Amino acid sequence: MPIEILPTDSVIGAEVRGLTLAEVPRGDTLELLEDALEKHGVLVFPDQSRVTPAQQVAFSRPFGPVKLVGGEHEKIAGNPEIFVVGNTGKEPVIFAPTIAGGELEWHTDHIHLPDPARASLLLAREVPKSGGDTLFACMYSAYDALDADTRMLCDRLEVLNSVSGLNVYLEGQGYSEQAKPAPQADPPTVWPLVRAHPRSGRKALYFGNQVSIGIVGWPEDKARAFIADLTEQACRPALRYRHHWKAGDAVLWDNRRVLHAGTPYDLANERREMHRTTIRETAPIKLVPPA
Ligand code: OGA
Ligand code: MN
């Protein structure tokens, strides 16, 4: 069956038909997927329930080194590269508000680490009857839509990113101490707010509304207010794709040019289990030289 790429009605996202994650992508298929990933930002592969954890890892490797992520409670036996997101383990791993309308955690994976994720692949094993959608926002469009002055300002800013910002958020949402990622031993990472995509050269905003805790040379209050404002503009509904999960959906996203955020579900009465492989960035993340 030929591979079909069907764009969504949103500004980002496409469904990929005629492909199974049980086969390792190579050659033309890999190139087609790399192109589509950059172009659409989010690729949805339906009907992948029969794909095993080992096959998910093997599918991920051609895109880059697969990271070992998280503590023991976030893993499944025999497949340390799989990071389990959801509420089926001993401790929940949730990147979402606890209540409808709660503040979202817009982020790009591992921006707080020296080796961020270039892409992530999430395979839905169990999904709640309602809620637990994932939102994605297009950071090409967000950058392009800024007014010229803000764009020029953003071009020269560098952002401090730390998991402490995420932990403050999770605490505010009422998650327990155990549900929080381990505190960051390293200093915050410093990345440009605007990065050029290594495949296209296009500029994308690169930050997270909780994890980005400062801007180099700015007082903290001013930086936090700026990030909050930027989030509102950059992640507004018109620039989003909302993925409503079915069990067996796999979604691959490009952390270089989309932000994402989980949405709440009934943690006490519903089950949600998602398996993530996290693909490491190998390209430099540099300030874009002035035009
Ligand atoms: C992730 C993530 C959101 C969700 O796995 O990196 O942010 O909806 N997940 O599970
Ligand atoms: Mn994430």
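Please compute the length gained on full extension between residue 148 and residue 182, using 0.36 nm multiplied by the number of residues separating them and subtracting their Cα-Cα distance.
Here the segment from residue 148 to residue 182 would lengthen by 8.3 nm.
What's the extension gain from residue 1 to residue 233 if we count 0.36 nm per residue and subtract their Cα-Cα distance?
79.4 nm
Please sort by residue number the trypsin sites (Lys or Arg not before Pro) in segment 206-291 whose DSSP state is loop and whose Cβ has at most 13 other Cβ atoms within 10 Å.
Answer by residue number: 246, 286.
May I ask you to work out the translational diffusion coefficient for segment 146-291 at 20 °C, viscosity 1.002 mPa s, via Stokes-Einstein with Rh from the Kirkwood sum over Cα pairs, reported in whole µm²/s?
On the way: Rh = 17.3 Å.
Rounded, D is 124 µm²/s.
Per-residue HN-Hα couplings for segment 13-18, Karplus 6.51 cos²θ - 1.76 cosθ + 1.60 at θ = phi - 60°, whole Hz, x for Gly and Pro?
Per residue, the Karplus-derived 3J(HN,Hα) values read x, 8, 9, 10, 10, x Hz.
Excluding the sites themselves, what is the longest stretch of the chain that contains no GluC sites (Glu not before Pro) in a DSSP loop with at most 16 other C-beta atoms within 10 Å?
104-269
Computed FRET efficiency, Cβ-Cβ of residue 200 and residue 130, R0 41 Å: what is it to the nearest 0.05?
The calculated FRET efficiency here is 0.65.
How high is the relative contact order of the chain, in percent, counting Cα pairs under 8 Å that sit 6 or more residues apart? Before the final figure, lay out the partial values.
Working: 632 pairs, mean separation 97.3, N = 291.
Across the chain, relative contact order equals 33 percent.
Might you report the magnitude of the Cβ-based charge dipole of the chain about its Cα centre, with Lys and Arg at +1 and Asp and Glu at -1, to the nearest 20 debye?
360 debye
When the helix-only estimate is applied to the chain (DSSP H runs of n ≥ 4, each -39,500 (n - 2.57), divided by the residue count), what is the mean residue ellipticity at 222 nm, nearest 500 deg cm²/dmol? Write down the numbers at each step before the final one.
Details: 6 runs with 61 residues, N = 291.
Helix-only estimate at 222 nm: -6000 deg cm²/dmol.
Please list log₁₀ I(q)/I(0) at q = 0.07 Å⁻¹ for the chain, using the Debye equation with identical point scatterers on the alpha-carbon positions.
Debye output, listed in q order: -0.24.
For segment 1-51, report the % of Cα-Cα distances exceeding 12 Å.
Details: 812 of 1275 pairs.
Roughly 64 percent, once rounded to a whole number.
What residue among 279, 111, 76 shows peak mean-square fluctuation when the chain is described by a Gaussian network model with Cα springs under 10 Å?
With Cα springs under 10 Å in the chain, the top fluctuation among 279, 111, 76 is at 76.
Mind checking segment 35-93 for trypsin sites (Lys or Arg not before Pro) that DSSP puts in a loop (not H, G, I, E or B) and that have at most 13 other Cβ atoms within 10 Å?
Details: sites: 39, 50, 67, 75, 90; in loops: 50, 67, 75, 90.
Counting only loop positions with at most 13 other Cβ atoms within 10 Å, the trypsin sites (Lys or Arg not before Pro) in segment 35-93 are 50, 90.
Modelled label-to-label distance, residue 32 and residue 269, 7 Å Cα→beta-carbon offset: nm?
4.4 nm
We did not get these values from a lab; they are worked out from the coordinates using the rules stated. Worth saying up front: this structure is predicted, and the values here are computed from it rather than measured. Using ideal geometry, Cβ is built from the backbone for each residue, glycine included, and neighbour counts are taken over all protein chains shown.
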